[in-house]
Amino acid sequence: MAAILAPAPVRAEVYRLKAPDGTIHFTNAPTDPQYRRLGIATGSEAGWLRLPQGDTRPYLSEIVEASSHYGVPDRLVTAVIRAESGFNPRAVSRKGARGLMQLMPATASNLGVRNSFDPRENIHGGVRHLRALIDRFPGNLPLAIAAYNAGEKAVLSYGGIPPYPETQEYVAKVMRFYGVPASGRTPQTLIFQTISADGTVTYSNIPPRGRR
């Protein structure tokens, strides 16, 4: 199985695990003693492991479902996943973030995500978190993206995109994948919230019946 690693100054050991079903997993932060060190030191963009390069098609339905539910453009969700994990559902960052949308364990727990390596759980949790950040920084998508990477406190502390090279590159990358310039404010899109009788909250850019 070919391992594809993006070059970067950060270097990390790579470990391999072959599951009983034959699936081969790679990580730079092994959590199971069965992982075996490959004996090579390498790195990936911003310290993230991209093994192997993923395919968007297997997760299209999950992306569309979460995007519709939380009122976040599916193209933006795709851009974030592409930047975070390269569509590798088993990706683990050197800081411990996991899965397609790279959720930290504490964040995943707060979002009700039990298994960060489950694509549907991870995407729904990540998009829900992204929705909250978009609401926190209305009309300024770059700040929401920066907060997704560096944390909301860092953005508030610096009053803008933090001066971290990793975060600045990350914002530029996501916005490029999304197809919007990284500088300046993005056009504001009206998002409507609907609360059903059972308490389910749904966000959409399509107004509910009776509203314009």
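The values are calculated or read from the model by the stated rules, or taken from the named source; none is laboratory data. All values derive from a computational prediction rather than experimental measurement. Neighbour counts run over all protein chains shown; Cβ positions are idealised from the backbone, glycine included. SASA here: full protein model, heavy atoms, side chains in, ligands and nucleic acids out. Shrake-Rupley method; radii C 1.70, N 1.55, O 1.52, S 1.80 Å.
If the reach is capped at under 20 angstrom between alpha carbons, list the lysines near Lys153, excluding any in the same chain fewer than eight residues apart. Lys153 reaches Lys95. Here r is the Cβ-Cβ distance between Glu65 and Lys95 and R0 is 25 Å; the resulting FRET efficiency, rounded to 0.05, is 0.35. One chain, two ends: Arg36 and Ala106. Fully extended at 0.36 nm per residue, the span grows by 22.5 nm beyond their Cα-Cα distance. Modelled this way, with points 7 Å down the Cα-to-C-beta line, the labels at Asp198 and Leu156 are 3.4 nm from one another. Backbone geometry of the stretch 84-97 corresponds, through the Karplus equation with coefficients 6.51, -1.76 and 1.60 at θ = phi - 60°, to 3J(HN,Hα) couplings of 6, 10, x, 6, 9, x, 9, 4, 9, 7, 5, 9, x, 5 Hz, x marking Gly and Pro.
Remark: the stretch 107-112, residue by residue, has Karplus-estimated 3J(HN,Hα) of 5, 4, 4, 5, 8, x Hz, where x stands for each Gly or Pro and the curve is 6.51 cos²θ - 1.76 cosθ + 1.60 at θ = phi - 60°. Average accessible surface for the stretch 99-186: 47 Å² per residue, computed with a 1.4 Å probe over protein heavy atoms with every protein chain in place.
Along the axis of the charge dipole computed for the stretch 55-187 (Cβ charges of +1 for Lys and Arg, -1 for Asp and Glu, origin at the Cα centre), the listed residues Ala147, Met101, Tyr178 are led at the positive end by Ala147. For the pair Glu166 and Asp135 in one chain, pulling the backbone fully straight at 0.36 nm per residue adds 8.8 nm over the alpha carbon distance.
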